[in-house]
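Please treat every number below as a calculation from the coordinates, not as lab data. All values reported here derive from a predicted model rather than from experimental measurement. Every residue, glycine as well, gets a Cβ built from its backbone with ideal geometry; the counts of neighbours run over all protein chains shown.
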Amino acid sequence: MLEIGTKAPEFTLLDQNGESRSLSDYRGQKVILYFYPKDNTPGCTKQACSFGDLMPQFREKGAVILGVSKDSVASHKKFEEKYGLPFTLLSDPERTVIEAYDVWKEKKNYGKVTMGVVRSTYLIDEEGVIVKAFGNVKAADNPAQMLGQL
């Protein structure tokens, strides 16, 4: 995880509509930047839908939500449409942002060791500084946890 108090690494990725989005586009707003392993898997779906359900409260507090995974733009579009997700999903197939934010890690699953995205969430302030960082978050609890951090 990146350290609290450091400048969040700048990036530009394509969203679910194929449009370029940069972190700097959101200056002046709080950003919840969450990294997840894969579209349409049980945990990731639960997390995304919970963020979606709480979207009105996040907006009230002046926060935007950006979800990032290695999935393609097309996969993100299907995921967004299937669940009616009201926030931006960013595609990082090259893992440049995933690695810049230090969430590409060794994972153990049933004794097998693989590399993958560790479910993690950053809260970035209006100036682009990391103010909270949570690694290995629980999919179901993370959206409410982040709302509480605002």
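Would you give the gap between the C-alpha center of the stretch 101-150 and the C-alpha center of the stretch 4-55, rounded to a whole Å?
Value for the Cα centre distance between the two parts: 11 Å.
Quick one: longest stretch of the chain between exposed loop GluC sites (Glu not before Pro), exposed meaning at most 16 other C-beta atoms within 10 Å and loop per DSSP? Working shown, then result.
Details: sites that count: E3, E10, E19, E94, E126, E127.
Here the longest segment lacking exposed loop sites spans 20-93.
Residues with beta-carbon under 9 Å from that of H76, excluding H76: net charge, scoring Lys, Arg +1 and Asp, Glu -1?
On the way: positive: K77, K78; negative: D15, D39, D71, E80.
That works out to -2.
Using a cut-off of 14 Å between beta-carbons, work out the net charge of the residues near R27 (Lys and Arg +1, Asp and Glu -1, R27 not included). Could the numbers behind the result be given before it?
Values: positive: K7, R21, K30; negative: E10, D25, D125, E126, E127.
The answer is -2.
Once phi is turned into θ = phi - 60°, what whole-Hz ³J(HN,Hα) does the Karplus curve with 6.51, -1.76 and 1.60 give for every residue of the stretch 55-71, x standing for Gly and Pro?
Working through the residues one at a time gives 3, x, 5, 5, 4, 4, 8, x, 10, 10, 10, 10, x, 10, 8, 6, 4 Hz.
Calculated from DSSP H runs of 4 or more alone, at -39500 (n - 2.57) each and per residue, what is the 222 nm mean residue ellipticity of the chain, nearest 500?
Working: 5 runs with 42 residues, N = 150.
Per the formula, -7500 deg cm²/dmol.
At a temperature of 10 °C and a viscosity of 1.306 mPa s, determine how fast the chain diffuses translationally according to Stokes-Einstein, using the Kirkwood radius over alpha-carbon pairs as Rh; express D in µm²/s, rounded to the nearest whole number. Could the numbers behind the result be given before it?
Working: Rh = 15.3 Å.
For the chosen part, D equals 104 µm²/s.
Take the Cα coordinates of the stretch 26-114, assign each an equal point scatterer, and use the Debye formula without solvent to give log10 I(q)/I(0) at q = 0.10, 0.19, 0.24 Å⁻¹.
After summing over all Cα pairs, the log10 values are -0.28, -0.93, -1.28.
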